[in-house]
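Please treat every number below as a calculation from the coordinates, not as lab data. Keep in mind that this is a model prediction, so the values were computed, not measured. Heads up, the Cβs are rebuilt from the backbone with ideal geometry, glycines too, and the neighbour counts pull from every protein chain shown.
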Amino acid sequence: MQLDSILFYLFAVQILFSALMTITRRNVVYSAIWLISSLVGVAGIYLLQGAEFLAGVQVIVYIGAITVLFLFVIMLVPVSEEAKLRRFSSQLWIVLAVVAALTAEMAYFLVKGADSFQMGEPKPTIEIGTLTTNSEQIGQVLFSEYLLPFELASILLLVAMIGAVVMAKVREGAE
Amino acid sequence: MPVTHYLVLSMALLMIGTVGVLTRRNIIVVLMSIELILNAVNINLVAFSDYLQNVNGQVFAIFVITDAAAEAAVGLGILIALFRNKETVHADEIDILRW
């Protein structure tokens, strides 16, 4: 068993187990911590695939900002004691049945179509000394070919920031 | 690792996130399940980026992360505004618009 396979299965088990724990915990803070664990596993998967810039971005942005934001909001929104009684809505079993059917269908397609993923030439062999780093490759593409989506993303973040502030601030003279 | 393994992982995470979005009553956990779904999509994108030796998938994944950050911020702002008016975080108790 190669190290690659072992690491993949380790990270996969961590991701899926943490995701299951995220959606089933009573305590919302525990759910957030399990989400962090799942996101760490995803960052590991990115590292396995040679996407080290994306792994860094994942840790800094997803774990370091988004989940911290979740924890802040959980802190600000008090959970009453009786709210801990019913976790799942009344459609739990219907949803589980539908999702199981959907999973079976997608797994069938994946298994059936696994050969069609042989797309053309295999991974090219890499000569020593010709590698550009992953960050450099992303930079080359992001600021030339994808410049417009990049600028639009910055405008999106500005709009989201304004929106979040407007939604959450206390209005003067409100009831 | 053959790319199919990553696709199965992505699909499993997507399904777990979907169950979380559809069944949990607590809105914060619903938002967290949406983040799980977005991460499943990202795993898929990066798997194919690695398989095809093309960096475009990772650039797409960066934009998905950007989008997820913006959506989490606005969603939590809405949650705070909602909680200020209704004093509950449970999705099925928010039924003002129900006919």
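When the square roots of the Cα gyration tensor eigenvalues are ordered a ≥ b ≥ c, the ratio a/c for chain A is 1.5 or more and a/b does not exceed b/c, which makes its shape oblate. Applied to segment B:64-73, the Karplus parametrisation 6.51 cos²θ - 1.76 cosθ + 1.60 on θ = phi - 60° returns per-residue 3J(HN,Hα) values of 5, 5, 4, 4, 5, 5, 4, 5, 5, 4 Hz, with x for Gly and Pro. Placing unit charges on the Cβ atoms only, positive for Lys and Arg and negative for Asp and Glu, gives segment B:3-93 a dipole magnitude near 120 debye about its Cα centre. Taking the inverse of the mean 1/r over every pair of distinct Cα atoms in segment A:135-175 gives a Kirkwood hydrodynamic radius of 12.5 Å. Classification of segment A:1-45 by its C-alpha gyration tensor yields a prolate form. The axis ratio a/c (a ≥ b ≥ c) is 1.5 or more, and a/b outweighs b/c. Mean residue ellipticity, 222 nm, helices only, chain B: the sum of -39500 (n - 2.57) across DSSP H runs of n ≥ 4, divided by residue count and rounded to 500, is -27500 deg cm²/dmol.
Each residue of segment B:33-47 was assigned a 3J(HN,Hα) from its phi angle through the Karplus expression (A = 6.51, B = -1.76, C = 1.60, θ = phi - 60°), giving 5, 5, 4, 5, 4, 5, 5, 4, 4, 5, 4, 4, 4, 6, 4 Hz with x at Gly and Pro.
With the helix formula -39500 (n - 2.57) applied to DSSP H stretches of n ≥ 4, chain A reaches a computed 222 nm mean residue ellipticity of -21000 deg cm²/dmol. Residues whose amide H falls under 5 Å from that of residue B:26, counting only those 5 or more places apart or on a different chain, are B:91, with hydrogens built in the peptide plane. Shape call for segment A:1-76 from the C-alpha gyration tensor, a ≥ b ≥ c root eigenvalues: rounded (a/c under 1.5), prolate (a/b greater than b/c) or oblate? Cα axes put segment A:1-76 in the oblate bin.
Taking only the C-alpha atoms of chain B, the Rg (one decimal) and the largest Cα-Cα distance, Dmax (whole number), read 16.7, 52 Å. Less than 5 angstrom separates the built amide H of residue B:54 from none of the residues sequence-distant by 5 or more or on a different chain.
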